Structures are given as C-alpha cells and as structure tokens.
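For reference, the structure is listed below as structure tokens.
The values are calculated or read from the model by the stated rules, or taken from the named source; none is laboratory data. Keep in mind the model is a prediction, meaning the values are calculated, not measured. Neighbour counts run over all protein chains shown; Cβ positions are idealised from the backbone, glycine included.
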Amino acid sequence: MQIRVEHLTKCYGETAALQDICLTVEDGELFFLLGPSGCGKTTLLRSIAGFETPTSGEIFLDGKPVAGTPPSQRDTAMVFQGYALFPHMTVRENVSFGLEMQGISKEECATRVNKVLDELQIREFADRKPNQLSGGQQQRVALARTLVVHPGCMLLDEPLANLDAKLRRDMRLEIRNICKENHLTGIYVTHDRAEALSMADRIAVFRNGHIEQIGTPDEVYRHPKTIFVASFIGDTNLREGRVLDTKEGTLETPLGVLRSALLPADVGDGDKLAISMRPEAFRVLKEGESSENTLEVTIRNVDYLGELSEHLATGADGNELKFYEINPRGAVRSGQRVRLAISPEDVVCMKP
C-alpha cells in the first residue's frame with residue numbers, strides 16, 4: 001500500500017499539532033516518524049488510521065482519498081504502545097478476534113492464527129492469558145493480532161517503549177523482518193534515534209508539528225539539513241563559520257580554517273553557516289602526521305567505555321569539543337594537548 005499525505009494540518013483549538021505535512025510512503029516501505037514528545041508524530045499516525053480528523057489536507061491510501069472513511073475500512077492495522085490486549089481472552093482468542101469480526105470461517109481463522117503464531121514463535125503460549133506473558137511475549141501477540149488480518153499497512157505507535165533495552169534490540173530486527181517478509185508498508189512512531197536508524201528505510205524528522213527533513217538513515221545522520229536534525233539525530237559539535245571560498249570549500253571557524261565537501265548549493269563567499277562535526281569523525285594524529293583539516297585541543301576528561309573512549313576537550317575557541325576514540329589504548333590522557341584530524345566529508349554545513 002502506498003500512503004500519500006498532502007498539506008495535512010491538524011489543530012486543537014488554536015494549537016496546531018500538525019502544520020502542512022506532505023509526505024509519501026511507498027508500498028512495502030518501513031517509514032519512521034522520529035521526533036521529541038509532543039511534536040505531532042502520533043497525531044499523524046492516528047490521522048492515517050482514521051482516529052483523528054484533519055483540520056485540512058488529504059490522505060490517500062493507494063491513490064484513493066480516505067476523508068470520512070472509518071478506521072475499519074482503511075485496510076490499516078495499529079499496534080499500540082500499551083499492546084491493548086483483551087485481558088480476559090487467551091492469546092489465540094486475542095489474535096483471532098479481528099478475523100472473527102470480519103466474518104472469516106472458523107477453519108480459515110484457525111489456519112491463519114496458527115500460521116502467525118508459528119511465525120512469531122508464540123504458539124506454545126496460545127492458551128495463556130496476557131497477564132501470564134512477559135512484555136516481549138505480549139508484544140508478539142499484539143503483532144500477531146495485527147498481521148493475521150493481512151493489513152495493507154501496519155501503523156506502530158512506539159511499540160517497544162515498555163520493553164527493556166536488550167529486548168528492544170531483539171524486537172527491532174524481528175519487526176523489520178516481519179514487515180519485509182510480508183511486504184508490509186509500515187509507519188513507525190518513535191523518539192528513539194537508535195530504533196529509527198537501525199530499522200527504517202526512510203525517516204521523517206519532526207519538530208513542533210512540521211517536518212524538518214526526510215531521508216534515509218544515512219542521509220539524515222550524515223547530511224542533516226538543519227541544526228535541529230544534526231543535534232537530535234546524534235551527538236555533534238556545532239560551530240558557526242563563514243565561507244572563505246565556495247570553490248575550495250574553505251571556512252573560517254573559531255577552531256581555525258577548515259575545508260568542507262558539503263557546502264549548501266546556494267551559498268556564496270562571505271555567507272555565514274552552521275557547522276556540524278560528529279564526535280566519531282575525529283581521529284588523533286600521531287607526531288609528525290599531517291591532515292587537510294587539523295585542530296589542536298586540550299583534553300579535559302576521558303571516559304573509558306571499553307570499545308571506545310569519550311573525550312571532552314577544549315578547542316582553540318575555548319569551548320567544549322567532544323570526540324570518540326575507537327578501540328582506545330590509553331594513549332590520550334586528561335590535560336594532554338593533541339592534534340585532531342577530520343575529513344572534509346565530515347564537516348557538514350547548514351544554513352543557520
């Protein structure tokens with residue numbers, strides 16, 4: 001199922017929860033709505049499902065407008081954060097409920113329920129009640145109940161929020177595999193950046209009811225279009241800069257002159273820009289080693305975390321700069337002055 005949203009706005013009184021949202025989710029795509037709490041993600045999801053009525057704009061499912069169409073007739077199925085399982089029903093009864101409402105025969109219902117219980121490896125729990133299951137098992141039941149009705153689109157509203165960290169990691173892969181194996185279009189709401197980056201085909205980053213950027217995980221992480229996206233999608237070092245030469249990509253910054261391979265297309269010499277540099281993009285130079293972009297910093301603090309060390313340093317401008325050292329060997333110490341290198345491809349420039 002393809003989903004198209006055109007100029008959708010949703011207001012509650014004088015408060016705009018969504019402002020002129022335009023996006024297209026392609027058939028079979030796993031599309032994430034990512035942003036902080038209260039930015040409009042769930043409102044958009046509920047509007048697509050039919051639980052909210054937009055103030056203006058249109059939603060199209062497979063090219064057909066769905067304004068006024070009730071949720072039960074939209075060929076979508078929603079997985080809620082709280083699972084919303086019927087406590088008095090067994091797992092089998094919970095999963096078969098939607099099929100029974102559709103008038104599916106008992107024979108076909110049993111076949112489809114058994115198949116989805118097997119796929120999600122919960123058939124052994126078929127006769128248990130929800131309160132006899134772990135959080136991960138309840139999540140699988142909620143997914144099974146959604147999948148068994150063969151929806152055109154699965155809408156997921158922070159479905160892993162109530163699980164512990166390890167189980168969340170396990171369920172990420174499981175949900176993505178389910179969507180891909182069943183060629184399901186999925187729209188997934190989260191404020192968890194790791195979930196979005198590890199699972200999504202594309203991500204829409206939301207802020208205050210509007211979309212800041214849409215792109216693949218790699219695009220929104222490595223090529224953020226705004227300061228908000230750069231800082232929300234991961235740790236970064238932000239500085240101001242001025243373009244010295246657009247052809248050379250050189251910038252005057254508080255840390256010295258740097259070259260960027262990622263200048264916006266419509267900037268000119270002398271223009272001011274915001275600069276984003278991810279902590280993992282830096283590397284410590286050895287004595288006598290040179291690099292195109294070099295920074296001198298003084299180490300203030302070292303947090304050794306095993307596979308990496310997080311360093312807080314003071315740059316030439318006197319402000320904090322964070323960088324990571326992968327597979328550290330204890331060579332960098334607090335109080336030490338070191339030289340850092342960063343590739344021009346990792347000096348990302350944005351309009352301020």
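Brief remarks follow.
- Top-ranked residue in segment 1-43 [being among the basic types (Lys, Arg) and part of a strand (DSSP E or B); ranked as nearest to residue 181 (Cα to Cα)]: 4
- Checked against (1) closer than 30 Å to residue 24 by Cβ; (2) surrounded by 20 or more Cβ atoms within 10 Å (Cβ to Cβ); (3) not β-branched (Val, Ile, Thr), residue 125 passes all but condition (1).
- Positions within segment 233-248 being of a type outside the set (Gly, Ala, Ser) and either outside the structural domain of residue 310 (by TED's automatic domain parsing) or within 32 Å of the chain's Cα centre (by Cα) (or both), in sequence order: 233, 235, 236, 237, 238, 239, 240, 242, 243
- Among all residues of segment 163-184, there is none that is of a type in the set (S, T, N, Q), in a loop (DSSP other than H, G, I, E, B) and over 23 Å from residue 48 (Cβ atoms).
- Count of residues meeting criterion [in contact with a Leu (Cβ under 8 Å, 6 or more places away or on another chain) and not in a helix (DSSP H, G or I)] in segment 122-155: 8
- Residue in segment 70-86 that is touching a Pro at 6+ places or on another chain (Cβ under 8 Å), among the charged types (D, E, K, R) and assigned to a loop (DSSP other than H, G, I, E, B) present: yes
- Segment 191-203 residues that are surrounded by 18 or more Cβ atoms within 10 Å (Cβ to Cβ), paired with ones that are acidic (Asp, Glu) (beta carbon under 7 Å, 6 or more apart): 202/29
- Residue in segment 229-239 that is buried (at least 18 other Cβ atoms within 10 Å of the Cβ) and closer than 19 Å to residue 22 by Cβ present: yes
- Qualifying residue in segment 259-274 (condition: among the small types (Gly, Ala, Ser), over 15 Å from the mean Cα position of the chain (by Cα), over 30 Å from residue 331 (Cα atoms) and surrounded by 14 or more Cβ atoms within 10 Å (Cβ to Cβ)): yes
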